[in-house]
1. Considering each residue of region 39-78, count those that are small (Gly, Ala, Ser) and buried (at least 21 other Cβ atoms within 10 Å of the Cβ), and give that number.
2. I'm trying to understand the selection: among the residues of region 111-122, which are more than 10 Å from the ligand (Cβ to nearest atom) and at negative phi?
3. Contact list please: Cβ distance under 7 Å, first residue in region 1-29 and within 21 Å of Phe127 (Cα to Cα) and among the small types (Gly, Ala, Ser), second residue near the ligand (Cβ under 8 Å from one of its atoms) and at pLDDT 70 or above, pairs at least six apart or on different chains.
4. So for region 100-110 (the condition being surrounded by fewer than 22 Cβ atoms within 10 Å (Cβ to Cβ), away from the ligand (no atom under 16 Å from the Cβ) and not in a helix (DSSP H, G or I)), does at least one residue qualify?
5. Every residue in region 123-139 that is more than 9 Å from the ligand (Cβ to nearest atom), open to solvent by 10 Å² or more (accessible area, probe 1.4 Å) and either within 23 Å of Ala206 (Cα to Cα) or not charged (D, E, K, R) (or both), please.
6. Go through the residues of region 147-155 one by one and say whether even a single one is open to solvent by less than 20 Å² (accessible area, probe 1.4 Å) and polar (S, T, N, Q).
7. Is it true that some residue in region 82-99 is surrounded by fewer than 12 Cβ atoms within 10 Å (Cβ to Cβ), without any contact (Cβ under 8 Å) to a residue 12 or more places away in the chain and within 15 Å of the ligand (Cβ to nearest atom)?
8. Please specify each residue of region 35-81 satisfying the condition of being among the hydroxyl-bearing types (Ser, Thr, Tyr) and either more than 13 Å from the ligand (Cβ to nearest atom) or in a loop (DSSP other than H, G, I, E, B) (or both).
Amino acid sequence: MTDKPIALEDRGADGGRLFSPSAGRNREVVRDVLLRFAPREGEVLEVGAGTGEHAVTFAAALPGVRWRPGDPDPQSRASIAAWAAHEGLANVAPPHAIDVSAADWEGCEAGALAGIVSLNMIHISPFESARGLLAGAGRYLAPGGVLFLYGPFSRGGVHTAPSNEAFDESLKSRDARWGVRDLEGDIVPLARDAGLELADVVEMPANNLSVVFRKG
Ligand SMILES: C[S@@+](CC[C@H](N)C(=O)[O-])C[C@H]1O[C@@H](n2cnc3c(N)ncnc32)[C@H](O)[C@@H]1O
């Protein structure tokens, strides 16, 4: 984790609920792709869940799943809890505080999760977070379980758009440990080491990708 600001945009607020402009724009389009790959039952852990807007959007679309959103940041956890209360969804668990770079993810049992979801986290965090996320997916996903990532990635060492290259530079100028990750160079090798196979890559608006891994 880092002591830098955790969000790059100004967030609105209504009571405890925070509003992320980017989550407001992308939550439905990401949900529609997620629905193609997500399990329909069992427990799905969302890490680095931020405001909680994605959590309630996804949980509402997957009523048979127990959605467990969380974030190491206390203000984000308060917002997640406020969003869950506001939406009145029975299948959203209280927010956890898991830092994916930790050796143990509190409250998770080895081989038990049906899915893990992480949006816009691994590039706004040191590389240890990517390493921890993939290793944790290998430990905590059940066989056939899905790891769903969303955000900007370069491919084979090449940025997919000038705007992503500029974004990468701006991230690195804020914190040299941050940066757009390379799917083939950085992430797939970590996934392979963790026993995960790349199942799909879906191009998303604004030069983002949805990336789906499956545990063997
Ligand atoms: C840019 S925000 C994205 C929030 C939300 N997923 C979204 O797309 O709107 C990144 C989030 O990742 C969290 N985060 C950073 N490093 C983390 C780590 N090592 N483990 C878990 N969460 C982390 C931050 O606290 C922050 O809330």
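1. Keep residues of region 39-78 that are small (Gly, Ala, Ser), which gives 42, 48-50, 52, 55, 59-61, 64, 70, 76, 78.
Those still in the list that are buried (at least 21 other Cβ atoms within 10 Å of the Cβ) too: 48-50, 52, 55, 59, 70, 76.
Going through region 39-78 one residue at a time, the tally reaches 8.
2. Filtering region 111-122 for residues more than 10 Å from the ligand (Cβ to nearest atom) gives 111-116.
Residues satisfying the conditions are Ala112, Leu113, Ala114, Gly115, Ile116.
3. Ala7/Ser20; Ala7/Gly50
4. Among the residues of region 100-110, at least one is surrounded by fewer than 22 Cβ atoms within 10 Å (Cβ to Cβ), away from the ligand (no atom under 16 Å from the Cβ) and not in a helix (DSSP H, G or I), which makes the answer yes.
5. Of everything in region 123-139, those that are more than 9 Å from the ligand (Cβ to nearest atom), open to solvent by 10 Å² or more (accessible area, probe 1.4 Å) and either within 23 Å of Ala206 (Cα to Cα) or not charged (D, E, K, R) (or both) turn out to be Phe127, Ala135, Gly138.
6. Filtering region 147-155 down to residues open to solvent by less than 20 Å² (accessible area, probe 1.4 Å) leaves 147-154.
So of that shortlist, the ones also polar (S, T, N, Q) come out as 154.
Yes - at least one qualifying residue is present in region 147-155.
7. No, the conditions are met nowhere in region 82-99.
8. If we filter region 35-81 for residues that are among the hydroxyl-bearing types (Ser, Thr, Tyr), which is where we start, we get 51, 57, 76, 79.
Within region 35-81, Thr51 is the sole residue that qualifies.
The values are calculated or read from the model by the stated rules, or taken from the named source; none is laboratory data. None of the values given here were measured: they were computed from a predicted structure. Every residue, glycine among them, receives a Cβ derived from its backbone with ideal geometry; neighbour counts consider all protein chains shown. Just so you know, the surface numbers come from the protein's heavy atoms only, side chains and all, with ligands and any DNA or RNA stripped out. Shrake-Rupley method; radii C 1.70, N 1.55, O 1.52, S 1.80 Å.
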